[in-house]
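What follows draws every value from the coordinates through simple rules; no lab data is involved. Because the structure is predicted, anything quoted here is derived from the model rather than measured. Here the Cβ positions follow ideal geometry from the backbone for every residue, glycine too, while neighbour counts run over all protein chains shown.
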Amino acid sequence: MTTLPSPTLELNHIQAGALRPRPSPYVGAYFLLRIDNRQAGRELLRRLIPALTSAAEPELQTWLAASLTFQGLKALGVPQTSLNSFPPEFQQGMAGRAAELGDTGENAPDHWEQPLGSPDVHVVLAAVAPDGAQFETVVARARRTFSDLPGVTLIWRQDVASLPTKRDPFGFKDGIGQPAIEGSGIPGSNPHEAPLKAGEFFLGYRDETGDMPAMLQPEVLGRNGTYLVIRKLHTRVAAFRQYLRDRAANPADEEILAAKIVGRWPSGAPLALAPEQDNSELGADPRRNNAFLYADDPRGLKCPFGSHVRRMHPRDSVIVGEVRLHRMLRRGTSYGPPLPEGVLEDDGADRGIMFAFIGAHIARQFEFVQAQWVNDGKFIGAPAEKDPLIGPNDGNGQFTIPQQPIRRRMQGLPPFVINRGGEYCFMPSLPALRWLADLTT
């Protein structure tokens, strides 16, 4: 077999927001726009292009990224042959895929925050910066592209920002695990994981199957583009704390139970490397806090098979399926105020995570992970168990903690995370945005 040379990503064509990690700390926002006139929509893109930056700038920490929903591409007047070349799950949109994603009950589109999931969402702008001053600069730049443009309307805004603790709403260090992408020049966070093929994340390159995935039509529209999935996930932090309090023998036991559910300690130290107690020095070290595998923990005695982080990335665990076909770039950000430490009652504030996935295969990356690894447990031999942290548990959920001599089984898991809505978006390359802006249909 001939080994193909590693490709070099065309970084100057890829939007920075598709590849560059967010800064830490960060301030950001998502803006949803509706296009009521295709000429106005094309003018919007013409104005946006100079405001966007490419992934070729390695030290970049402030950026604006632009994506389009399928309805947005239609609103721009994209030719039908091009529209037909998009995969069916993207054409249907997240709301149309609710059954496949397990978005039922409280998570169903009928309960989503408007206008998420509606035909009105056409353009998604994401802005991020390391501080408030730089953020206001990039927001002002974004607003200049649409504020005085009849036919384009801002219909929703969600501000995000790192919490003072630099942890997620549940109190755990976030933004740790990111894969390396072949040809990107950006190292991954786990030295034990070989770089993934560029085609797992960007169109126009070979993926992990060795194939060149079907290209959008024309090629300029697809090459160096990727898909963005966003979900507004409301977190029930008080319910999480109360669940732990009710089932723990003491505060130390609460911390252990929380770590077993998540798969890491609050500091970010993984159970795989620190199974007995938190290690803040390890958690703070980006060279070590994700440098592990699970081969030495085949029974899950250190990190349970069903814990959140082991489900989301089983690494070298023995499971049903091929892990490398389902890897994702994740760009989660926090929104809303933190719940004060020790509070066990919900204060009514909206707080949570704006989840963002970036990849070239919505179906076998995001949708597979959501349906099979989050919502089901067959792949780890526990079909009755869902993800204990973000899964759609209904008050009767369970979670098994392997231990000797007798395993511990947590019962009565309620939902700790509720989906308030989301979108499937296509993030075009910079040349593709120019092609879209110059349409004459």
In whole percent, the Cα-Cα distances of the range 234-421 spread across 10 Å bins from 0 upward as 9, 35, 41, 15, 1
Mind ordering 388-397, 147-156 by average Cβ neighbours within 10 Å, highest first? 388-397, 147-156
Average projected area of the Cα convex hull of the range 161-283, in nm²? 10.8
Got a sec? Charge dipole of the range 115-245, +1 on Cβ for Lys and Arg, -1 for Asp and Glu; which of Gln242, Ser189, Val138 is way out at the positive end? Gln242
Applied in sequence order to the range 163-172, the curve 6.51 cos²θ - 1.76 cosθ + 1.60 (Karplus, θ = phi - 60°) yields integer Hz couplings, x standing for Gly and Pro, of 6, x, 7, 6, 10, 7, x, 7, x, 10
Gain on full stretching of the segment that runs from Ala295 to Ala133 - 0.36 nm per residue minus C-alpha separation: 53.7 nm
State the Cα centre-to-centre distance between the range 125-160 and the range 254-324 in whole Å. 37
So if we plug the beta-carbon distance of Ala214 and Ile406 into 1/(1 + (r/R0)^6) with R0 = 45 Å, what FRET efficiency do we get, rounded to 0.05? 0.30
So if I take the centroid of the Cα atoms in the range 333-386 and the same for the range 192-210, what is the distance between those two points in Å? 25
Return the label of the correct value of semi-axes √(5λ) of the Cα gyration tensor in Å, as calculated from the structure shown, out of (1) 36, 24, 21; (2) 31, 27, 21; (3) 39, 28, 18. (1)
May I ask you to order 344-354, 399-409, 262-272, 189-199 by the average number of other C-beta atoms within 10 Å around their residues, highest value first? 262-272, 189-199, 344-354, 399-409
Full-stretch length increase - Asp394, Arg287 - with 0.36 nm per residue and alpha-carbon distance subtracted: 34.7 nm
For the pair Val318 and Asp346, how long in nm is the line joining their label points, each one 7 Å along Cα→Cβ? 4.2
Computed [θ] at 222 nm, helices only, for the chain once each DSSP H run of length n ≥ 4 contributes -39500 (n - 2.57): -6000 deg cm²/dmol
Distance (nanometres) between label positions extended 7 Å along Cα→Cβ at Lys166 and Ala99: 4.6
Give me the percent relative contact order of the range 1-87, please, defined on Cα pairs under 8 angstrom at least 6 residues apart. 40
With +1 at each Lys and Arg Cβ and -1 at each Asp and Glu Cβ, the charge dipole magnitude of the chain around its Cα centre, to the nearest 20 debye, comes out at 340
Could you check the simple spin-label distance between Asp159 and Asp36, using points 7 Å along Cα→Cβ, in nm with one decimal? 2.7
